[in-house]
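One structure is given here, and the rest of the page talks about it.
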Amino acid sequence: MRIGALAELAPRPGRVVVLRPTPECQAAADAAPVSPGAPSFLQADHLDAYRAKVAAGGAHRAWTGTAGEFDADFFESAYAAALTAFVRRHEGLRTWFDLSGEAPVRRLVPTEAIAFEAVEVEAPADWSTGWESLLVSLWDEQCRPDSWTPFLLGAIVHEEGFTYFWGCDHAFTDGASQLMVPAELGAAYAEALGADVEPLPEAGSFVTYAADEQRLAAECDSETPAVREWVDIVSRHGGRLPRFPVSLGLSAGETAPVRIRRWTALEGAEVDALEELCRAAGGRFTSGVFALLAHAEQRLTGSSDYLGITVLGTRSPQTATSHGWFCNFGPVSLALGETFAETVRAAEVAFGTARELARTPVHVPLGAMVAGGVLSPSELTSPQMVSYLDVRKFPGAGTVPFDTGLHFTGEGRTANANLWVNRFADRFELATQSPDTEPGGSAVATYFEAVHDVLADLGLSVRPVEAAASGGRACRDLPAGQPTGAEHAGHDR
């Protein structure tokens, strides 16, 4: 599995098929009964942003997806049956929101009504320049939170098998959900073809998750320990949330189209060597990641105190394989040690604190800090986020659909350079959704160079960083997308 821009997919040309709800299913979805209760906090933010975008006449591109290869023959009926089974299993994918009133109203399509059929669409005359525009246009049309279906599955059928392509509005998915698509879709397709497939565990309810989140938030106030800890951390950092440590060349409130820049820092045995350094210091690879980022930032700013906001998974054993937006944010705050090993130990403690704090919806402490004057509302507009994923641990790793897969987001506009740090079976890489400008490219290259130097000082053989603004083999610089978009949401393990 790769994590990058859709342009990297470069599928072979072929017949293009998409799956649509049957007329009976669509009618049932349009008339789906109300599912009481509020959306999750992240869903509510997404819906507010969607309303604002539509009101301003902008293009909604807050979808995310995966695509890859199946080395199997394509059968339309089996593919439709696979998607039917897949969607029936996930309450979150049977959901849409009625936004005609002041408050969003969740609608839940009955399980038994779900059914899909295959429809062929016209392939572009010039495949080399048209395949990406076709897929983006299909997702732009389908992936929106106020109608069903808010997702689209398709296939590009060629002689050696077929390329699957899946996109889903971010309101109903996160990065972990997307990385689970190849395995579950593959199992459902194999079963539809008559193979014996091990039954999947029951998928827990996202509606229940959202209700639990709302209940927990209602039990919190300014004296709740998690809120007080957040206040203490942010206060120690001057009442500021993190920003990218190198100027991106944008004015206050300015945004630019996104460009995804990625650098493979370590390969093969060097990744394992970094993990050994972390364990010898008394930490894990995760704490080593934040120690690495802290020392890189120190080289750029001179600061000995690091604050990062990280994306953390909030799945329970019951929702481990569910599809939905099971995420929260936690602060990783630490004082750097004199050595990398000392910082790893500090990061181990700091990451543990972040995980504890992520049990409380981040909207509660942020709201309390704004209300109490600890945090300016302007700090909430575009804080720097860090997502760490160990891609090796996802179901399906080692299979063709997963290993040929690409995870991507709709590319929109940004004022920041949120960071994705990913560990794969054969490499360790960093990527950003950063401004598609010359200063943005230079800033990312400068940051990657700082990370490079920290790794090199540890005695590791580090891959070179080429200028992010001009691209290259070591630091890929991928084409910008169209305005508006979605941020990657992942988890820590």
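Here, each number is a calculation from the coordinates, and none is a lab measurement. In this text, all values refer to a predicted model and were calculated from it rather than measured experimentally. Backbone-built Cβ (ideal geometry, glycine too); neighbour counts: all protein chains shown.
Structure notes:
- Taking amide hydrogens as placed 1.01 Å from N in the peptide plane, the amide H of Ile3 sits under 5 Å from those of His407, each at least 5 positions away in sequence or on another chain.
- A Cβ-based charge dipole, computed about the Cα centre of segment 2-208 with Lys and Arg at +1 and Asp and Glu at -1, lands at about 600 debye.
- Listed residue (Gln214, Phe116, Leu241) projecting farthest to the positive dipole end of the chain, Cβ model: Leu241
- Between Ser303 and Ser137, the modelled label-to-label distance comes to 4.5 nm, taking each label 7 Å out from Cα in the direction of the beta carbon.
- Rounded to 10°, Cα long-axis angle of helix 285-301 versus longest principal axis of the chain: 60
- The Ala103 and Arg392 beta-carbon pair, evaluated with R₀ = 56 Å, returns a calculated FRET efficiency of approximately 0.85.
- Rounded FRET efficiency, nearest 0.05, which uses the C-beta distance separating Thr339 from Glu438 and R0 of 41 Å: 0.65
- Using a Förster distance of 45 Å, the FRET efficiency for Asp426-Ala252 (Cβ separation, nearest 0.05): 0.65
- Dipole orientation for segment 222-477: of the candidates Ser322, Ala443, Leu380, Ser322 has the Cα lying most toward the positive pole (charges on Cβ; Lys, Arg +1; Asp, Glu -1).
- Of the residues Gly302, Thr343, Val332, the one whose Cα sits farthest toward the positive end of the charge dipole of the chain, with +1 on the Cβ of Lys and Arg and -1 on the Cβ of Asp and Glu, is Gly302.
- Set of segment 98-134 residues, backbone N closer than 19 Å to the point 7 Å along the Cα-Cβ line of Ala38: 98-107
- Check: segment 1-62 dipole with +1 on Lys, Arg Cβ and -1 on Asp, Glu Cβ, in debye: 360
- Each residue of segment 157-170 was assigned a 3J(HN,Hα) from its phi angle through the Karplus curve 6.51 cos²θ - 1.76 cosθ + 1.60 (θ = phi - 60°); the sequence is 8, 9, 5, 8, x, 7, 9, 8, 9, 10, x, 8, 4, 4 Hz, with glycine and proline shown as x.
- Here the peptides 172-181, 209-218 are ranked by packing, the mean other Cβ count within 10 Å, and the order with the highest first is 172-181, 209-218.
- Rounded to the nearest whole angstrom, the semi-axes of the ellipsoid equivalent to segment 222-477, taken from the Cα gyration tensor as √(5λ), stand at 27, 22, 21, largest first.
- Whole-Å distance, taken between Cα centres, linking segment 389-459 and segment 309-386: 19
- For segment 144-218 versus segment 231-297, the gap between their alpha-carbon centres in whole angstrom: 30
- Each Lys and Arg contributes +1 and each Asp and Glu -1, all at the Cβ; summed about the Cα centre of the chain, the dipole is approximately 800 debye.
- Cut-off 20 Å (backbone N to label point 7 Å along Cα→Cβ of Arg12), residues of segment 160-189: 160-166, 186
- Over the chain, dividing the summed -39,500 (n - 2.57) contributions of all DSSP H runs of at least 4 residues by the number of residues returns a 222 nm mean residue ellipticity of -11500 deg cm²/dmol.
- Extending 7 Å from Cα along the Cβ direction at Arg215 and again at Asp30 yields two label points whose distance is 3.7 nm.
- log10 of Debye I(q)/I(0), alpha-carbon scatterers only, for segment 2-208 at 0.09, 0.11, 0.17 Å⁻¹: -0.34, -0.52, -1.26
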